[in-house]
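**Q** One structure coming up, written as structure tokens, with questions to follow.
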Amino acid sequence: MNIDGWLTLGLTGLALITLIMTKISPHLVMMAALTILSVFGILSAPEALAGFSNAGLITVAAMFVVAAGIHASGGIDLLVNKALGNPKTERQALLKIFVPVVTLSAFLNNTPVVATLIPALNIWAKKINIPASKLMIPLSYTAILGGTITLIGTSTNLVVNGQYQAITGTAGFGLFDITLIGLPVAIAGLAAMYWFGPKLLPHHTSPTAFENIREFTLEVMVKENGPLVGKSITAAGLRNLKRIYLIEIERDDIVLSAVSPDEILRSKDRLVFAGETEAITDLLKINGLIAPDNLDGTFSLQDKQSGRRLVEAVISPRCEAIGSTIRDAHFRNRYGAVVLAAARNGERLTGNLGGITLQAGDTVLLEASPEFVSRQKYNKDFLLINELEHEHPNHDKAKLAWGILLAAITAATFGWLDMLNAALLAAGAMLVTGCLSIKQAERSLDLNVLITIAASFALGAALQKTGVSSFLAENIVSISAGNAVLLLVLIYVTLSILTEIITNNAAALLMLPLTLDITEKASLNPEPFVLAIMMAASASFATPLGYQTNLMVMGPGNYKFSDFIRVGLPMNIFIGAITLLLLATFWPLHV
């Protein structure tokens, strides 16, 4: 091995240590490695940048858009609403989750699937009186298992297949080639969760601070021709309520957000209050106020026609309002925003919001104009401002979006189009038909993930070009005496460990060149070993860091790091054993 090989080996080790020991983002680490490889001439510019044009990467990007189209059209809601019912036990609830999530994750990227279902399961968990902590880890694990069923189920499968095609020059794997192992593994994993999940999963009940808008915003309507019509806010007794306060009036599609005590009420005015949800019964006891007539489930604070936004902000120690109540600080006049809720130390503050005394570090949920974010981002009164997403799906396009996805899958399955072109056409169809907007498509492209994948190709290519993977392969084959089963186990276990501590895509792309060299040196069939890489990179359960969906459910489930170890480590071992047993039994390991 020459000097370039040793430099590449050292750079790979440094990148792994950096990813494991620091909080530096993976895409920055991988781009730094790519830069060094290019600057030192180890890779030419086309070689260093080849990952950015890899078919697997572009397919991943297109599938992000397709998944966003399903999401934006309400397609996921359509399936979930029909699948979820009213189970009586935890195991029945798990069965209700398994079927739709596995189905969705087999053909869509896991991230938008889980992101969409988290709030739905939060509400559902309260309805069926089961803690969210009993459902969120199963949601993530089910999505992971579902992703192993097809080639497009997870980005890892696509990029590994793309790199495999580039290195070997072969056609790679078909859409359902991995199904022969992924489906039985998924069934086994779901069975394990069904029997052992209720016993191993923690019982946490603490809610997040702002998990549901309806918990702290209340809406009533002024009865037509009722006794309150023509009265002022003060005269109607709506100004000094104990647990809630009036934040706005919606009248004839016009929003009055800074309501004067002398404002005269009119028929069918919609009054929006902030405070304790339980106080809705007190409001309805006032003669002349009735429940809103929106039986279709719409909610005025979520309407976008007035250009309002939900914004989460953290009070800075320099904020002029500290030490004053929200009412005395004249918050809405000072900042042009209405406080809908406040949280302190992660817990929502209850009671009359107007009487809450603000402290440094308090998190407030605000309703504000679009200009608020740009105007206040650099204001010393706030440490952090985050605009919350609350777009409503265009449900009219739900069936069309599913039809587009089904057409793409059919075309790829029967060989009418390759997976890249099928995904690109599906993404374009989602945009042309209005299933999602261009802005929604742009937001769906997770650039950090895409850059990490593309840059990881460069490090993998350098390992192969400089002979590092060949050098390591010779030594590994020598140590294992060429035993095919032992090599399969070593590759799976090594990648499984790497996946828990660095990103699964990066781990898979680093291991693939080495694995292909090992199979060549030992005269083995590379296909089962590549399938082992796909499975090991996806089957990451033991830590929240190993897979993005694990990290996503950590907060909503109120989990600790140890919760994942207790539930996920046995799952890792079980899934690994099933996978290796299937590969060793049903796939020819030798050429």
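The values are calculated or read from the model by the stated rules, or taken from the named source; none is laboratory data. Since the structure is predicted, the reported quantities are computational estimates derived from the model, not experimental observations. Positions of Cβ are backbone-derived with ideal geometry, glycine not excepted, and every protein chain shown enters the neighbour counts.
**Q** Output the residues belonging to region 403-419 that are assigned to a helix (DSSP H, G or I), out of contact with any Ser or Thr (no Cβ under 6 Å at 6 or more places or on another chain), surrounded by 13 or more Cβ atoms within 10 Å (Cβ to Cβ) and among the hydrophobic types (A, V, I, L, M, F, W, C).
**A** Ile404, Leu405, Ala407, Ala408, Ile409, Ala411, Ala412
**Q** Please go through region 83-122 and pick out each residue that is within 27 Å of Val65 (Cα to Cα) and not in a helix (DSSP H, G or I).
**A** Leu84, Leu108, Asn109
**Q** Same structure, new question: Any residue in region 138-151 that is more than 26 Å from Ala532 (Cβ to Cβ), in contact with a Gly (Cβ under 6 Å, 6 or more places away or on another chain), assigned to a helix (DSSP H, G or I) and touching a residue at least 24 places away in the same chain (Cβ under 8 Å)?
**A** No - not one qualifying residue is present in region 138-151.
**Q** On to the next question. Read through the list (1) of a type in the set (A, V, I, L, M, F, W, C); (2) closer than 20 Å to Gly153 by Cα; (3) touching a residue at least 24 places away in the same chain (Cβ under 8 Å), then give the number of the only condition that Ala411 fails.
**A** Evaluating Ala411 over (1) of a type in the set (A, V, I, L, M, F, W, C); (2) closer than 20 Å to Gly153 by Cα; (3) touching a residue at least 24 places away in the same chain (Cβ under 8 Å) leaves (3) as the failure.
**Q** Still on this structure, I have one more. Does Gly51 satisfy being in a helix (DSSP H, G or I) and in contact with a Phe, Trp or Tyr (Cβ under 6 Å, 6 or more places away or on another chain)?
**A** When the stated conditions are applied, Gly51 passes them.
**Q** Among the numbered criteria (1) assigned to a helix (DSSP H, G or I); (2) surrounded by fewer than 23 Cβ atoms within 10 Å (Cβ to Cβ), which one does Gly482 miss?
**A** Condition not satisfied by Gly482: (1).
**Q** Does region 293-309 contain any residue that is modelled with pLDDT of 70 or more and in a strand (DSSP E or B)?
**A** No; the residues of region 293-309 include none that is modelled with pLDDT of 70 or more and in a strand (DSSP E or B).
**Q** Can you report the number of residues in region 532-556 which are farther than 16 Å from Gly189 by Cα and in contact with an Asp or Glu (Cβ under 8 Å, 6 or more places away or on another chain)?
**A** Summing the residues that are farther than 16 Å from Gly189 by Cα and in contact with an Asp or Glu (Cβ under 8 Å, 6 or more places away or on another chain) in region 532-556 gives 4.
The rows are residues; the columns are (1) modelled with pLDDT of 80 or more; (2) outside any loop (DSSP other than H, G, I, E, B).
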{"site": "Ala455", "(1), (2)": "yes, yes"}
{"site": "Ala461", "(1), (2)": "yes, yes"}
{"site": "Val477", "(1), (2)": "no, yes"}
{"site": "Glu500", "(1), (2)": "no, yes"}
{"site": "Ala506", "(1), (2)": "yes, yes"}
{"site": "Met511", "(1), (2)": "yes, yes"}
{"site": "Val530", "(1), (2)": "yes, yes"}
{"site": "Met534", "(1), (2)": "yes, yes"}
{"site": "Gly546", "(1), (2)": "no, no"}
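**Q** Assigned to a loop (DSSP other than H, G, I, E, B), surrounded by 18 or more Cβ atoms within 10 Å (Cβ to Cβ), in contact (Cβ under 8 Å) with a residue 60 or more places away in the chain and not small (Gly, Ala, Ser) - does that describe any residue in region 421-441?
**A** yes
**Q** Now a separate question. Write out, first by first residue and then by second, each pair whose Cβ atoms fall under 8 Å of each other, whose residues are 6+ apart or on separate chains, and whose first residue, in region 467-482, is within 15 Å of Leu510 (Cβ to Cβ) while the second is among the hydroxyl-bearing types (Ser, Thr, Tyr) and at pLDDT 80 or above.
**A** The qualifying pairs are Val468/Thr8; Val468/Thr12.
**Q** Shifting gears a bit: Mind checking whether some residue in region 69-76 is surrounded by fewer than 23 Cβ atoms within 10 Å (Cβ to Cβ) and under 19 Å from the mean Cα position of the chain (by Cα)?
**A** The answer is yes; a qualifying residue exists.
**Q** So how many residues does region 112-160 have that are surrounded by fewer than 23 Cβ atoms within 10 Å (Cβ to Cβ) and of a type in the set (S, T, N, Q)?
**A** Total satisfying the criteria: 4.
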